[in-house]
Amino acid sequence: PLWAQEVFADEAQIDAYLYAHDSCNPGQEPTVSHCVGADNHGWGVPDNSDGWWNWMILGNIKCALERNPDQKYWHIWNEPNAVFAGQGATGEDYAQFYFEVAKAVKAKYPDIELAGPVTWCPPLYKTVFNEYFKPLMDKVVSKGRKDLLDYIDFHAYSNADEYNPYARWDFVVSSIHVNSLYWNGLTNGGGFIRSQMTETNVAVYADEIGDADLYWKKRVIPNAQQIMALSHNTDKFQLRIQFAFGAAAEYNQEKGNYYGFEPYTDKYMYNVIKPIMEGYPVDFKFTDGVKDGYPTYDNGDGVMAQTVYHDEDDTISVLLINYATKNIDMTLNDGDNKIIWDTTARFTRRWGPNTKAVTKSGSKATVQLASKSVTVVTGKYRSNPSGKVLEYEFGPMDESSIMQDIGYKTYDVDKTINIWINNKANLVDPEYAYIKFGLGYGAISDFKWTIKVKVGSTTYFTKTNFVPSMNFTQLPIESTAFLSKITKGNTVKIQFIGERTNYPGSYWKGAPLSGRIAFASLVVGGEVAGTYIKLINGVNLNKFYYAVKPTNLPDGITISWIKMKAANSNAWQLGTYNKNNKYYEWKDGPYTAPFDFKITTSKGQTVTSYDVIKNLNVGQSGYMSKSVSAFTLEDDESGGLHWTVIAAIIVLIGCFICAIIAGVIYLKKRKSKLNGDGASFREDSKEQELTTHKADTPVGDDGDATTATAGYDMEPVSPEIEVEIETEA
């Protein structure tokens, strides 16, 4: 969950520690022999030369699973970069420790999901990416054990001064892009690894805790902005925990470093923004445009937005944050005229959730957003889906292009990041495109930039005199000619030409830091028309029995078979059709969510969608991410063609081989006759293994080059409708 509030059970923590301690023989409890230089809440540098920590952490996991068998996530160690350097240890040492412990954990508990390096700061902070994040990812990939690292975990706090914006939404969003894109390049197009923030918050001064208005503006609204921004990047992000140090009544915390909760107001925001977790993102746009450099979900003039479709009850929620100091009248325009808007909206400021009137006029709904507020407008969806917007993101295949330093005394910069377009480009007819990139430190404060986008020697986009104000930037490419170049095999070049405007460079806490180009990527999108098959969970489900019912089938389409792949399996399993309840059933568990599906029609057309159904709850449903009109002759799990095509090929190959063998036999016999040699001969038949040239096509873990590429499905962008947002100050 993106919005989760951190809650600890002290009793459970004590029990877990005592359980492990009680299992030790005398003298084997944690001492300097196994934790050198304890510091930072008792952590330190673990000494695992004898495997002691493997045993300790396995014992901790065993205890935790006895208390809660559904416990799924663990991270290894805590904030190593806070203490390792002081004890002469490095991120390489942490990576080795993680690798050893993770191997032991996965060997005994293969379904547990592990994360590291759990730094106290995001990867954009100074040199921490190269010191901790990069060594960890490099270690597991170089050893052929990608399975040991399920997520990248880091903490993100913003202290109450201008030098520490680490929890600010743009700093965090840029950070998760760095993690995902580096992993994607490192694994030769193996996918985006997702990040977790198991601690995050925005500090206020201790004497500001009693000022509810100031607290709301300085902490609650920035946390809401972070949540909303992350909701637009769930292909790269998985879990957020808002962490609190101490109780709200404790005012004696270090000045400017206070993270305790002020009663109720944080919860007010969570209460209203919670629908952001419960559906599919819906495509929308600000009709008045977006300020230069801002992403599509932030108009740069005070409003952030997210729209979510809830398929359980066919409703839509439009979530709006007004972070400006003025009230803003917002008009929502349903371009497809398929929504019945509610007449009241929920909103909150520091006084708690309330409602306000919504003015309806045809397909439009207007509501006033109070300054520094969070508002949700809802409506009922009243007709079947007719189309959706698909987006694919393409990143650099060379991981060394991630986190490039440009120097703090460099006058001129000219760097190009190459983006290879793979076969994901064939899945959408591009209607728009934009680039995303992250800059850091002096690259923001000390340069003005010219940014170009090229294919070959042709420049399709140029932005001059660009001075970024954030760590995350998005710029649209408004060139029809460029869209025609989004084809498999092309390389898009994103060029950064920088001219220093401040010499020798801005000082960050008394020391100049190198400017940085953190990452760059390309996103393309377009609308796909058609009808989307809906799958609904059956009844009486458990981990050994699973069933779904397909609905929303278009006219003339019948299903031949459905295959399912559970989260805990690498293989597709064929479902058995139950005529009595019209379910497709699987009875060879255990099964864990989320579930992927392949559906093939009686005409041999196949469509595949991933993470369609998120849990085993009765009635839980999801849509296939491709419409029936987009069905293709697609490979099944064996990577082969449809069986009728295979049969025809086998017959032809058999005939061809028989003809060759007959010809060889005839020639041999004839030669023997001519030579007077009556010796017979026998040929051993051999199967020839067909392989794919890996240098041409990046291949994922399942060997399917059509799905494991540098461009990946983002979360479904628009399952049903388009919502246009207009603002009036």
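The values are calculated or read from the model by the stated rules, or taken from the named source; none is laboratory data. On a predicted model such as this, the values are computed, not experimentally measured, just so you know. As a convention, Cβ positions derive from the backbone with ideal geometry for all residues, glycine included, and neighbour counts pool all protein chains shown. These area figures cover heavy atoms from the full protein model, side chains too; ligands, DNA and RNA do not enter into them. Shrake-Rupley method; radii C 1.70, N 1.55, O 1.52, S 1.80 Å.
Phe597 fails exactly one of the following numbered conditions: (1) part of a loop (DSSP other than H, G, I, E, B); (2) modelled with pLDDT of 85 or more; (3) surrounded by 20 or more Cβ atoms within 10 Å (Cβ to Cβ). What is the number of that condition?
With (1) part of a loop (DSSP other than H, G, I, E, B); (2) modelled with pLDDT of 85 or more; (3) surrounded by 20 or more Cβ atoms within 10 Å (Cβ to Cβ) applied to Phe597, the lone miss is (1).
Which residues, taken from the range 181-193, are in contact with a strand residue (DSSP E or B) (Cβ under 7 Å, 6 or more places away or on another chain) and part of a helix (DSSP H, G or I)?
The answer is Leu181, and nothing else.
Output the number of the condition that Ala433 fails; it satisfies all remaining conditions of (1) closer than 25 Å to Phe129 by Cβ; (2) buried (at least 21 other Cβ atoms within 10 Å of the Cβ); (3) small (Gly, Ala, Ser).
Answer for Ala433: the failing condition is (1).
Would you point out which residue out of Phe133, Phe154 is over 30 Å from Tyr323 (Cα atoms) and not aliphatic (A, V, I, L, M)?
Only one candidate qualifies: Phe133.
Would the range 198-217 turn up any residue that is among the charged types (D, E, K, R) and under 21 Å from the mean Cα position of the chain (by Cα)?
yes
Give Gln605, Gln573 a once-over and let me know the one that is within 24 Å of Asp150 (Cβ to Cβ) and more than 23 Å from the chain's Cα centre (by Cα).
So the residue among Gln605, Gln573 that is within 24 Å of Asp150 (Cβ to Cβ) and more than 23 Å from the chain's Cα centre (by Cα) is Gln573.
Any chance the range 222-243 includes a residue that's surrounded by 22 or more Cβ atoms within 10 Å (Cβ to Cβ), of a type in the set (Lys, Arg), assigned to a strand (DSSP E or B) and touching a residue at least 40 places away in the same chain (Cβ under 8 Å)?
Looking for residues that are surrounded by 22 or more Cβ atoms within 10 Å (Cβ to Cβ), of a type in the set (Lys, Arg), assigned to a strand (DSSP E or B) and touching a residue at least 40 places away in the same chain (Cβ under 8 Å), one finds at least one in the range 222-243, hence yes.
Select from the range 151-167 the residues that are under 20 Å from Ala104 (Cβ atoms) and buried (at least 22 other Cβ atoms within 10 Å of the Cβ) and list them in ascending order.
Asp153
Would you point out which residue out of Gly300, Gly260 is over 22 Å from the mean Cα position of the chain (by Cα) and modelled with pLDDT under 90?
Gly260 is the lone residue from the list that is over 22 Å from the mean Cα position of the chain (by Cα) and modelled with pLDDT under 90.
Name the strands (runs of 3 or more DSSP E) wholly within the range 438-529 that hold at least 2 residues that are free of Cβ contacts under 8 Å to residues at least 24 places away in the same chain and open to solvent by 10 Å² or more (accessible area, probe 1.4 Å)?
Hits in the range 438-529: 458-466.
From the list Val607, Val628, Val612, pick out the single residue that is at pLDDT below 80 and surrounded by 13 or more Cβ atoms within 10 Å (Cβ to Cβ).
Val628 is the lone residue from the list that is at pLDDT below 80 and surrounded by 13 or more Cβ atoms within 10 Å (Cβ to Cβ).
When only residues in the range 569-591 that are touching a residue at least 40 places away in the same chain (Cβ under 8 Å) and either open to solvent by less than 60 Å² (accessible area, probe 1.4 Å) or touching a Cys at 6+ places or on another chain (Cβ under 6 Å) (or both) count, which is nearest to Lys614 (Cα to Cα)?
The qualifying residue nearest to Lys614 (Cα to Cα) is Tyr591.
Yes or no: the range 36-48 includes at least one residue that is assigned to a strand (DSSP E or B), buried (at least 18 other Cβ atoms within 10 Å of the Cβ), modelled with pLDDT of 85 or more and touching a Gly at 6+ places or on another chain (Cβ under 9 Å).
no
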